[in-house]
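> For reference, the structure I am asking about is given below.
Bear in mind these aren't lab numbers, they're just calculated from the coordinates by the rules spelled out. Everything quoted here is computed from the prediction, not taken from an experiment. No Cβ is skipped: glycine too gets one built from the backbone with ideal geometry, and neighbour counts run over all protein chains shown.
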Amino acid sequence: QVRLVESGGGLVQAGGSLRLSCAASGSISSINVMGWFRQAPGNERELVATITSGGSTNWSDSVKGRFAISRDNDKNTVYLQMNSLKPEDTAVYYCRMISRGYVYWGQGTQVTVSS
């Protein structure tokens, strides 16, 4: 079993920055994929970015150039640096890990961007 704990959400003005963290614990394969998804009210959950344990990334076009994803494999932690935030980035952000073929989700952290 794997547990994911997110932190770093909050309220920020448009143009501001936030950094999200997600720490994984439990039975984790050294080969895994971690990433961030988000869900705004009335919308489906959508990809923000993912990163493999080898460092390969996958991005949503809507955040390319504004957000950066990174990870610390020793700490099993993934980070999402969000810059130039827009009101349309407002959502609950969820951490996801795929390890040994299983998909795990965090509880979500709210990000609100005011105009």
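> Which residue fluctuates the most in the chain, going by a Gaussian network model with Cα springs under 10 Å, if the choices are G42, G15, G101?
G42
> Write out the GluC sites (Glu not before Pro) in region 11-115 meeting two conditions: DSSP loop, and at most 11 other Cβ atoms within 10 Å of their Cβ.
E44
> Under 17 Å from a point placed 7 Å out from the Cα of R19 along the Cα-to-Cβ direction: which residues of region 57-81 have their backbone N that close?
66-81
> If you take every DSSP beta bridge whose two residues both sit in the chain, what share of them, in percent to the nearest 5, is antiparallel?
90
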